[in-house]
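The values are calculated or read from the model by the stated rules, or taken from the named source; none is laboratory data. Since we're looking at a predicted model, the values are computed, not measured. Cβ placement follows ideal geometry from the backbone for every residue including glycine, while neighbour counts extend to all protein chains displayed. For accessibility, only protein heavy atoms count, side chains too; no ligands or nucleic acids. Shrake-Rupley method; radii C 1.70, N 1.55, O 1.52, S 1.80 Å.
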Amino acid sequence: MSEFFGVILISLFQLLLVLATGPLVNGIIKKTKARFQRRRGASVLQPYFDLAKLFRKEVVVPFVASWLFRITPYLVFASTLVIALLVPTVATPVPLHWMGDIITVIYLFALGRFFVALVGLDTGGAFGGLGSSREMSIASIIEPAMMLAIFTVAVTAGSTNLSVIVGRLTSSPASMLNPAHLLAFSGLFIVTLAETGRVPVDNPATHLELTMIHEAMILEYSGRYLALIEWASQMKLIVFLALLSNMFFPLYMATTWSPWALLIGSAAFFGKIIVLAVVVAVVESTNAKLRLFRVPELLMVAFILSLLALILYFIIGA
Amino acid sequence: MHDWTYLQLPVFLFMATGFAAGALLPVILTGLRRRDVMSRDVFERVVKNFGFIAAFVSSLAGCILALSILLYGEPLHVDLLYTRHFGMMSIHADRLSALFLGTISLLAAAVSVYSLGYATEFLGRRNLGLLVFLYNAFLLSMVSVVVAGHTVLFVFVWEAMSLTTYFLINYDHEDPASRRAAFLYVVMTHIGTALLVVMFMLLYSFTGAFGFESLKSAGPRIPAFERSLIFLCAAIGFGVKAGIIPFHIWLPEAHPAAPSNISALMSGVMIKTGIYGMVRVFFDFLGPDIPQWWGVLILVLAVASSVLGVLYALMEHDLKRLLAFHSIENIGIILMGVGAALLFSSLGNNALAALALIAGLYHVLNHAMFKGLLFLGAGSVLHGTHSRNIEELGGLIEKMPWTSFFFLIGAVAISGLPPLNGFVSEWLTFQALLLGFHISDLVVKIAVPLTVALLALTGALAAACFVKAFGITFLGLPRSDRAMHARESSPTMIAAMASLAIACAVFGLAPGLVVSVLDPIASSLLGTNLSGQVSLNGGMLLVPDSTSTSISPPVLTGLLMAIIAVPLVGAFLLGGRLRTRAAMTWACGLPKIEPRMQYSATGFSKPIRMIFSNIYRATHEIEISEETSPYFRASITYELKTESVFLKHIYEPAYNIIVTSARMFRRIQTGHLQSYLAYIFITLVLLLLFAR
């Protein structure tokens, strides 16, 4: 019985962690970008205030919209939370790791995207369709690169279970510096930028119809619905950063659920996430957004990197 | 547990007579009607109701029979008739047959219920007697194909299946497009049948056997070259029926031309008889010890079919053609499992081969369910709006709420998204391929990662395509009067779609159950059992060879349902009661949004068309007619064409060669009796000289 409560307690901790840090990472990226533009920028806590405000505001629902418009924010939010239970953050293994593997994680994200893209077409405006069309096209070409990068990691670990992948690396840290591993990391980093709608693929700060992708799909959302969608995409970013840091560099991760190990694990997790967030901000500040039809080339680079990683793994072994 | 297997034979006879009775009913009644015993109206209603109910009841019997064979493992063997030259013709249904029989019967049961409502549209307009006759004959021949246990019987019922579908495609024979589609189908399918006959004759010449039981594991008795010849004949012969690229050209024409209930059956299960034939011949007859290149060839065909199938589907805005191209894609995914199984088995890793084969067979079952559902949905849309062109539709979610809901379920399932069934079989395919990478063989190391990457691409493109198909058809504003005045379909049609949607959910949520049924099939074909390797506790699916890779769809789904409470309650705590206000969609300041402002299907798929422009080779023409000045345009026509590489570079040249050679033969066909007599004389002399 105590084991059961343990599972619940740890899962709740995991949920709260991802829920709470999602907006923070967004704040850090925005702050760093502001500094690059020689602005002071808003406080790193600003995303929390934004969400709180949005939750209190009324929702404007277009006449055309169907029930899909109303359920999608909840569905996207909930599926992101389920993903948060599958991905190791501060400690490994996560208690519900048997429920789904990395492929499940990717497909759950695809489920959320499927519904958001449908909502883009649901409102009957031109912007929504524009966003859906672009989002689904780019998602299609992200997928092979992402799968191949994950394939490399999974093949090294002999499993697609995230906790096993992470656990194997914590027990043999030397393989973190394996060149195959590093190449797969860089492939997945590009994929992360594309998947979470960052510059140079998409610009999260724009509302210009020529350039927006994700923002165009959710243009008709407001108030509470917008808050849920925004929060979910912030959590998506942190999940991807957690994947990047823990699938490749699970240093100082807690392997038991003792308070001391958790403390170190949390500190290490935050350190890694902040570093990655700053790197994302640097990439965003130093690159221009690519033209839509140049994006496939970028993703081709990610694909080739992952393929090289696999070939290297094949030649020199794990 | 009591052994009920002695009931198999009566159930089988009941099923067969049921279909036969359903087929004969209109024939007998037509005889009565000739004598003015009943009016046309009564005749049609009787034929429709009793014919489709007979099909429904027989299909249920088929389900029961299939389940009993799958669960007890006792094959059904019925000796039909003894012929002097071919020996005993018999029915032999083992577990593999039972899987396909079950899949066919399950879909046929739903489609029969659907047809009760769907065919009311034909009352007084079309020849309903013919439809009911062909429908039942089609089902009977299709179930016979998968249970036939004798070469000659197989070819006979295979041909019967091909011919009934030919007439069904041609049902709308006033339409020249239907006639063309039916002709193309009958030509293509006979190329396939010819190769199958060659294959069975080759098999006979080396084994002396016609019975499927005596052909089992006949591979080692056949010399290597002939064995590969048999393999190629089977791959192409069955491949034509399965619609794999490059033998697919009939499929996107034929499936939309047939009535929608027939399209569902053709796309959902008829093309699977090709898969059945391949699995039967490759694993049952020609295995074990197969050359490596067989698996590679099937994998290449599989990857080409899946990627090109979905890419072509993206360019379609005819709803039924779009679904037909998705059938090609899904046949490709099934063949990825089959090809990987061949490849792994040729390298001696039968445990992995079993996993890959299970993944493929699982997808057979899944595809039948969601593709059947989607075609029934498309039929419902066609019924309600009289349009298949999605550019004319939109906003149907208001007018046809049930159809749109079930179509959405089918769309989620076919896109391979959790928690529905498409996800599980794609997941298993991924796992089989991932584990296969550990086999130390260069070909595997190259083939496997590429297959994985392209399977991922296929899945994502399918999702894009179904966002388009569902979004443009059912969401937004109606784009025409037809969509504006759409009506929801009848309760029987909705019930049929609901049952298939439930099947999609059940097969997605209980993968352990399905795999435990599929496992004995794989073990009977490959001699390796997965049990003990696939653990099946609590609906959890654990992959062999790796101690920890697992998914648990029921828990995942339960958790997803439960966790929806978090945003609901959390939002309430953070912001109180939800206040909403209805408003117009933003239209850049214009007072009203118009349907024409929405994205069209063509516009939606434009980025994909640009990215994969090498494959599509799209050409577009814009014609602008001006009257007085370039600022006042009278009309603009826009035409966009994508080119089929296969038609242009394979089929057109082949057609030209045939026509040219036929012209050459025409020279000796002079019409003079004397010259024909001379030909006969010359032939006779030559025969006497050479064929002594």
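The table below lists the values:
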item: Accessible area buried between chains A and B, both sides summed, probe 1.4 Å, in Å² to nearest 100; result: 7000 Å²
item: Chain A: angle of helix A:223-248 to the longest principal axis, Cα-based, in degrees nearest 10; result: 20 degrees
item: Dipole of chain B, positive direction: furthest Cα of B:GLY471, B:LEU526, B:MET199, with charges on the beta-carbon; result: B:GLY471
item: Dipole magnitude (debye, nearest 20) for chain B, charges at Cβ of Lys, Arg, Asp, Glu; result: 860 debye
item: Rg in Å to one decimal, and Dmax rounded to a whole Å, for the stretch B:86-161 via C-alpha atoms; result: 15.1, 48
item: Dimensionless Rg over Rh [chain B; C-alpha; Kirkwood]; result: 1.00
item: Surface accessible to a 1.4 Å probe, B:ILE397 within the full protein complex, Å²; result: 10 Å²
item: Ranked order, B:HIS367, B:HIS77 - accessible area, probe 1.4 Å, largest first; result: B:HIS77, B:HIS367
item: Solvent-accessible area of B:PHE133 with every protein chain in place, 1.4 Å probe, in Å² to the nearest 10; result: 70 Å²
item: Gain on full stretching of the segment that runs from B:LYS592 to B:ASP172 - 0.36 nm per residue minus C-alpha separation; result: 147.0 nm
item: With eigenvalues of the C-alpha gyration tensor scaled by 5 and rooted, the protein assembly as shown, Å; result: 50, 35, 28
item: Farthest toward positive dipole pole in chain B [+1 Lys/Arg, -1 Asp/Glu at C-beta], among B:LEU357, B:ASN49, B:PHE437; result: B:ASN49
item: Chain A: relative contact order as a whole-number percent, Cα under 8 Å and 6+ apart; result: 28 percent
item: Reach of B:LYS641 by Cα under 26 Å, taken over lysines that are not fewer than 8 positions away in the same chain; result: B:LYS320, B:LYS468, B:LYS606
item: Whole-Hz ³J(HN,Hα) from phi, Karplus 6.51 cos²θ - 1.76 cosθ + 1.60, for the stretch A:196-212, glycine and proline x; result: 9, x, 10, 4, x, 8, 9, 10, x, 9, 9, 10, 9, 5, 6, 10, 7
item: Those lysines that a straight Cα-Cα span of less than 24 Å connects to A:LYS53, excepting residues fewer than 8 apart in one chain; result: A:LYS30, A:LYS31, A:LYS33, A:LYS236
item: B:MET88 long-range amide H proximity, modeled H, under 5 Å; result: B:THR83
item: Charge dipole (chain B, unit charges on Cβ, about Cα centre) - positive-most of B:SER162, B:LEU347, B:ALA501; result: B:SER162
item: Accessible area in square angstrom per residue, the stretch B:290-568, 1.4 angstrom probe; result: 24 Å²
item: Stokes-Einstein D (µm²/s) once Rh is taken as the Kirkwood radius of the stretch B:290-568 over alpha-carbon pairs, at 37 °C in 0.692 mPa s; result: 169 µm²/s
item: Helical contribution to [θ] at 222 nm, DSSP H n ≥ 4, -39,500 (n - 2.57), averaged over the protein assembly as shown, rounded to 500; result: -23000 deg cm²/dmol
item: Between 0 and 90°, nearest 10: helix A:46-56 axis offset from chain A longest Cα axis; result: 50 degrees
item: Residue mean of other protein chain beta carbons inside 10 Å, B:566-573; result: 5
item: Interchain or long-range residues, amide H under 5 Å from B:ILE551's placed H; result: B:LEU541
item: Folded to 0 to 90 degrees: helix A:295-316 orientation relative to chain A principal axis, Cα; result: 10 degrees
item: Peptide-level mean, for B:310-317, of C-beta atoms on other protein chains within 10 Å; result: 1
item: Point-charge dipole on Cβ atoms (K/R +1, D/E -1) for chain A, about Cα centre, debye to 20; result: 940 debye
item: Amide proton proximity set for B:THR580, modelled H, under 5 Å, gap of 5+; result: A:VAL59
